[in-house]
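The values are calculated or read from the model by the stated rules, or taken from the named source; none is laboratory data. Computed from a predicted structure; not experimentally measured. Glycine also receives a Cβ, built like all others from the backbone with ideal geometry; neighbour counts cover every protein chain displayed. Heads up: the accessible areas ignore ligands, DNA and RNA and are worked out on the full protein's heavy atoms, side chains in. Shrake-Rupley method; radii C 1.70, N 1.55, O 1.52, S 1.80 Å.
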Amino acid sequence: MDRPARSTTLVLATALAALTAAALPVHAAAEQGRSRAALPAVTPVAETPALHDDEAGGDADADDPAIWRNAADPARSLVIATAKQGGLRVYDLHAREVQSVPAPAAPGPDHAPGRFNNVDLVHGLRLTTGRADLAVTSDRGSDRLRFHRIDGNRPGAPLTDVTDPAAPPVFSSSQEEIDEQRTAYGLATWTDKSTGRSYALVSRRERSTLALLELTPAAGGKVGYRKIRTLDLPTDFRLPNGTSWSPCGEPGELPQVEGMVVDPANGTLYAGQEDVGVWRVRADLTGTPKLIDKVREYGVPGTYDEETEECVAGADPGFGGTRVTADVEGLTLLTEQDGDGYLLASSQGDNTFVAYDREVSDANEYEGGFRVAAASATLDGSEECDGAAALAAPLGPDFPDGLLVVQDGHDAPGDGERPSTNFKFVDLGDVKDALEG
């Protein structure tokens with residue numbers, strides 16, 4: 001999520017929490033508090049260097065990670081992560097930076113620079129120069145996708161930009177429209193097992209639109225894409241009491257999607273509409289989306305205050321969910337070889353993670369949750385997590401059960417008044433124990 005716009009949701013969530021606590025009987029409010037505190041905690045084993053979203057820090061802001069497994073030497077696997085206007089960062093499994101890739105410069109003095117929002121991976125894409133693993137990134141600043149070939153044999157510079165320079169904007173029709181920044185935002189990749197074709201699912205900032213883009217080879221080993229279709233998720237909802245509800249936001253903004261992931265086993269897309277909940281839909285964007293869980297704030301009326309630029313919540317009618325506090329972010333899959341596993345989602349508003357059954361046949365039922373808590377005074381946990389990535393595969397002696405990487409929206413102890421974010425590395429075995437214990 002955009003950090004400057006975060007206040008709207010947080011004020012609404014804070015007001016809702018106060019209203020809910022006031023409306024509940026004392027014992028019920030206490031029980032709700034205990035249920036969140038009772039979630040098991042896992043602790044990180046490493047963290048990346050802090051990024052600073054200011055001029056001195058290169059306007060770098062940690063957002064979304066992906067984990068690339070080096071099949072030849074799993075201990076030399078990599079974490080590739082977005083730093084928004086700071087571009088991409090590549091880390092080793094000790095959370096040390098091995099490469100920094102800048103975002104593209106603005107095309108002109110009055111235009112927006114590149115701003116990398118989300119990243120995902122494609123394995124073995126056929127290019128004109130042979131097959132390659134790719135990091136695919138949504139560049140919000142230019143409304144395009146960017147592609148970087150991954151080469152584990154180049155330890156100091158594993159990423160090489162292979163974006164087709166002719167790649168078109170995803171949603172915009174002109175540079176003027178791009179500058180309005182209703183552009184490519186969330187992203188997930190998908191390879192259709194039946195055809196072998198690879199795609200990116202891309203959401204649009206401040207809109208509920210999802211786009212399906214087929215990835216295409218271009219001359220010289222470059223990569224482009226073509227739009228197949230789009231799908232608009234609902235922006236207003238009929239409540240059980242017969243009224244209509246839309247999430248509160250700034251005038252002109254619609255409830256957007258950022259966190260997305262595709263289950264490769266069955267081609268199912270899960271999309272987190274930040275102020276609404278988690279949707280399930282076919283990855284080819286056909287069929288009817290199903291809302292599998294709602295945020296707690298679902299159905300709560302809100303009024304936007306122009307003076308404070310914040311939403312003020314009304315009374316809670318009680319139609320929301322019980323597990324996720326807006327925003328819902330950072331969707332990822334914890335897969336298991338037998339087909340079981342979990343869909344994980346960041347419940348950003350209360351700094352927890354929610355786990356759903358991966359199986360559609362089990363209606364993606366709730367399976368539990370956990371917190372990423374501080375390991376020490378110098379290694380903190382995760383707050384207001386934007387992005388997450390899990391890989392359930394051996395990654396050398398440090399992560400024999402796999403790895404979970406989560407964004408930390410408030411890195412501590414930090415650096416005075418400077419905004420500090422980074423990524424935490426968590427042993428996936430600890431996460432499994434927390435969910436199954």
**Fill in**
Simple spin-label estimate for Ala265/Glu55, 7 Å along Cα→Cβ, in nm, reads 5.2 nm
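How much accessible area per residue does segment 325-417 have, counting only protein heavy atoms and a probe of 1.4 Å, in square angstrom? Present the calculation step by step, with values, prior to reporting the outcome.
Details: 3260 Å² over 93 residues.
Heavy-atom accessible area per residue stands at 35 Å².
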**Message:** Given a 1.4 angstrom probe, I'd like the percentage of the accessible area of the chain that is carbon and sulfur, rounded to a whole number.
**Reply:** 49 percent
**Request:** Be a star and scan segment 174-194 for residues whose amide nitrogen sits under 16 Å from the point 7 Å along the Cα-to-Cβ vector of Ala106.
**Result:** 175-182
**Message:** Please list, in order along segment 393-407, the HN-Hα scalar couplings obtained from phi with the Karplus expression 6.51 cos²θ - 1.76 cosθ + 1.60 (θ = phi - 60°), rounded to whole Hz, x for Gly and Pro.
**Reply:** 8, x, 10, x, x, 6, 9, x, 9, x, 9, 10, 10, 10, 6
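Between Thr128 and Glu177, what's the calculated FRET efficiency when r is the beta-carbon distance and R0 is 35 Å? Round to 0.05. All intermediate terms of the calculation are to be shown ahead of the outcome.
Numbers: r = 31 Å, r/R0 = 0.90.
With a Förster radius of 35 Å, E is 0.65.
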**Prompt:** Once the dipole of the chain is set up with Lys and Arg at +1 and Asp and Glu at -1 on Cβ about the Cα centre, which of Gly141, Leu201, Cys311 lies farthest towards its positive end?
**Reply:** Leu201
**Item:** Size descriptor, Kirkwood hydrodynamic radius, that averages inverse alpha-carbon separations across the chain, Å
**Value:** 21.8 Å
**Asked** Which of Leu334, Leu213, Leu379 moves most in a GNM of the chain, Cα contacts under 10 Å?
**Response** Leu379
**Request:** Quick one: give the max-minus-min coordinate of the C-alpha atoms of segment 175-306 along each principal axis, largest first, in Å.
**Result:** 54, 38, 18
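Counting helices only, and only those DSSP H runs with n ≥ 4, report the 222 nm mean residue ellipticity of the chain as the sum of -39,500 (n - 2.57) divided by its residues, in deg cm²/dmol to the nearest 500.
Details: 4 runs with 44 residues, N = 437.
Result for the chain: -3000 deg cm²/dmol, rounded to the nearest 500.
I need the shape label for segment 53-156. Rule: rounded when a/c is under 1.5, else prolate if a/b > b/c, else oblate, with a, b, c from the alpha carbon gyration tensor.
Numbers: a/c = 2.47, a/b = 1.45, b/c = 1.70.
The shape class here is oblate.
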**Asked** To the nearest 20 debye, what charge dipole does the chain have about its Cα centre, counting +1 at the Cβ of each Lys and Arg and -1 at the Cβ of each Asp and Glu?
**Response** 1540 debye
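Test of understanding: what is the full-extension gain from Leu291 to Ala157, defined as 0.36 nm times their sequence separation minus their Cα-Cα distance?
On the way: separation 134, 0.36 × 134 = 48.24 nm, distance 4.13 nm.
So the extension gain works out to 44.1 nm.
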**Message:** Among Arg149, Arg197, Arg69, which one shows the highest mean-square fluctuation when the chain is modelled as a Gaussian network with alpha-carbon springs under 10 Å?
**Reply:** Arg197
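Expected output is a single nm value to one decimal: the length gained when fully extending between Ala315 and Lys193, i.e. 0.36 nm times separation in residues minus the C-alpha distance. What is it?
On the way: separation 122, 0.36 × 122 = 43.92 nm, distance 4.73 nm.
Taking Ala315 through Lys193 to full extension adds about 39.2 nm, to one decimal.
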